[in-house]
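Report on the structure given below.
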Amino acid sequence: PMIHGRELAVRAHYDGMAPKLIRSKPTCMSDFTARPVVFDMCANHVRGSTVLDIGCGDGYVARKLVKMGAAKLVGLDISRGMVDAAISHPDKRGMEYYVEGDAANLKETLLRTTNTTNLMPGAQFDLGLFHLSVAVFLFNDLTITDMDKVFKDVFSLLKPGGHFVFCVPHPFVSNHDGEIYGFQQHRSNEKNYFALR
């Protein structure tokens, strides 16, 4: 797939942040505020599940979901630096698989990386691969068009009765250029989640 300006900007941003975000315990504000809510919402659905973590970053959320009982976890992130951090993290377990890819090309990436993720191509892609999918602070880096595509792809990748848990940061944390844990509003012709509509 062709790489667009948004993808390059997001990839560069998170590649640069990767060394600062690698963690095994809560360190930033959202680790104490938003992520615990996500974990609570996943608690009744994670045990024994195959889980997809979209925008997995360094694997912090993924590792917690594995500790909560996920049988298999596939993490996807646009940043090679973040994927490398997740793969090399000392707490990574054998049932965790991480791949680089753009969430806006979710199904294509999963089909292309079946040898890495140990997913079986074929009918499962149409019948559902995952019991649970999570996306923590993904949508603030996507355009409205890309968000729509992600929702459709996740819906088609979930098994019947599957769950999708996601969160977005409060808009007050956007536009804090240069802060370690701030979220940048990328300027382009397409509106993103925090653009005035």
Solvent-accessible area, 1.4 Å probe, carbon plus sulfur percent, for the stretch 49-96: 50
Peptides ranked, highest mean first, by Cβ atoms within 10 Å: ranges 148-154, 137-143: 137-143, 148-154
Cα-based shape type of the stretch 65-112, given that a ≥ b ≥ c are square roots of the gyration tensor eigenvalues and the cut on a/c is 1.5: oblate
Shape call, the stretch 43-161: gyration tensor on alpha carbons, a/c limit 1.5: rounded
Pairwise Lys count, the stretch 65-150 - Cα closer than 19 Å, eight or more residues apart or different chains: 4
Efficiency of FRET between ASN118 and MET41 - r from beta-carbon atoms, R0 25 angstrom, step 0.05: 0.45
Label-point separation in nm, ARG93 to ASP126, each point 7 Å along Cα→Cβ: 3.4
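The values are calculated or read from the model by the stated rules, or taken from the named source; none is laboratory data. The model shown is predicted, which means the values in this text are computed figures rather than measured ones. Backbone-built Cβ (ideal geometry, glycine too); neighbour counts: all protein chains shown. Note: accessible area is taken over every heavy atom of the protein model, side chains too, but ligands, DNA and RNA are not part of it. Shrake-Rupley method; radii C 1.70, N 1.55, O 1.52, S 1.80 Å.
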